[in-house]
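Engineer: Supplied in structure tokens, the structure appears directly below.
The values are calculated or read from the model by the stated rules, or taken from the named source; none is laboratory data. As the structure is a prediction and not an experimental result, all values here were calculated from the model. A quick note on method: Cβ atoms are made from the backbone with ideal geometry, for glycine too, and the neighbour counts reach across all protein chains shown.
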Amino acid sequence: MIRNLAFATIALLGVTAAFAQPPLPDASTSTTTTGTAPTPQPMTLPPFGLGSTETARVDVLNAAAASSTGTAASCTGSIAFYNASGTQIGTTTTYSIGTGVISSASLAGTGAREEISAVVTPTVPSTSAPPCQLLVSLSTFGTTGGETHLFAPAGGGPGGPGGPGGPPHP
């Protein structure tokens, strides 16, 4: 009982400290507004371990509202997973999401535990970009039971670019 309470306290302190930290340069979010389209910035998530009984999931949420001129918010792009050698594994998942919509990409573990990373690559139209503010998170969970093993917000949340208490998006 005391051991579980101590673990929960340490975990809570770790999550609190993680939210108080500035985001990693590669784990930033990408915001675009109506007008000239900027170059999309891929978001490389930190590496994590994935065992044979786990599934990894990257979730993206479009937190942007429609522009003041009425242009609907829309984010498009892709999510891909890579092994420790930098080789893509699994299938690239594409997303096209409006305000408040979540899209996910999942990868089931196979064989021995391995180190994985994920890259979220926004696609920006060549002419005019609608409002887009991606919030990204990574989680791993038991494939059979669904219990969460890891949850990591990757930007746009509290203290991250565009999030409460964080700097504005570049």
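Condition check ((1) in contact with a strand residue (DSSP E or B) (Cβ under 6 Å, 6 or more places away or on another chain); (2) at pLDDT 90 or above; (3) assigned to a loop (DSSP other than H, G, I, E, B)) across all residues:
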| site | (1), (2), (3) |
| --- | --- |
| Leu107 | yes, yes, no |
| Ser139 | yes, yes, no |
| Thr144 | no, yes, yes |
| Gly166 | no, no, yes |
| Pro170 | no, no, yes |
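Engineer: Just one of Ala63, Ala80, Ala72, Ala84 is in contact with a Pro (Cβ under 7 Å, 6 or more places away or on another chain) and farther than 23 Å from Glu147 by Cβ; which is it? So that I can check it myself, show each step before the final result.
Structural biologist: Details: Ala63 fails: in contact with a Pro (Cβ under 7 Å, 6 or more places away or on another chain); Ala80 fails: in contact with a Pro (Cβ under 7 Å, 6 or more places away or on another chain); Ala84 fails: in contact with a Pro (Cβ under 7 Å, 6 or more places away or on another chain).
None of the other options fit; the residue is Ala72.
Engineer: Ok, one more. Residues that are crowded, with 17+ Cβ neighbours inside 10 Å, farther than 22 Å from Glu147 by Cα and at pLDDT 90 or above: does the range 18-37 have at least one?
Structural biologist: no
Engineer: Then there is this: Looking at the range 95-128 only, could you name the residues that are under 30 Å from Thr71 (Cβ atoms) and either in contact with a Gly (Cβ under 7 Å, 6 or more places away or on another chain) or among the charged types (D, E, K, R) (or both)? Outline the logic, then answer.
Structural biologist: At the first step, the residues of the range 95-128 found to be under 30 Å from Thr71 (Cβ atoms) are 95-105, 118-128.
Of everything in the range 95-128, those that are under 30 Å from Thr71 (Cβ atoms) and either in contact with a Gly (Cβ under 7 Å, 6 or more places away or on another chain) or among the charged types (D, E, K, R) (or both) turn out to be Tyr95, Val120, Thr121, Pro122, Thr123, Ser128.
Residue by residue, here is whether (1) assigned to a strand (DSSP E or B); (2) under 21 Å from Pro153 (Cβ atoms); (3) of a type in the set (D, E, K, R) holds:
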| position | (1), (2), (3) |
| --- | --- |
| Gln41 | no, yes, no |
| Pro46 | no, yes, no |
| Ser68 | no, no, no |
| Thr71 | no, no, no |
| Ser104 | yes, yes, no |
| Pro125 | no, no, no |
| Leu135 | yes, yes, no |
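Engineer: Report the residue count in the range 77-135 for those that are small (Gly, Ala, Ser), within 15 Å of Pro46 (Cα to Cα), touching a residue at least 12 places away in the same chain (Cβ under 8 Å) and surrounded by fewer than 19 Cβ atoms within 10 Å (Cβ to Cβ). So that I can check it myself, show each step before the final result.
Structural biologist: From the range 77-135, those small (Gly, Ala, Ser) are 77-78, 80, 84-86, 90, 96, 98, 100, 103-106, 108-109, 111-112, 117-118, 126, 128-129; that's our starting set.
Then drop every residue that is not within 15 Å of Pro46 (Cα to Cα), which leaves 80, 84-86, 117-118.
Still in the running and touching a residue at least 12 places away in the same chain (Cβ under 8 Å): 80, 84, 117-118.
From what's left, surrounded by fewer than 19 Cβ atoms within 10 Å (Cβ to Cβ): 84, 117.
Going through the range 77-135 one residue at a time, the tally reaches 2.
Engineer: What tally of residues in the range 62-83 results from selecting those that are modelled with pLDDT of 95 or more and among the hydrophobic types (A, V, I, L, M, F, W, C)?
Structural biologist: 3
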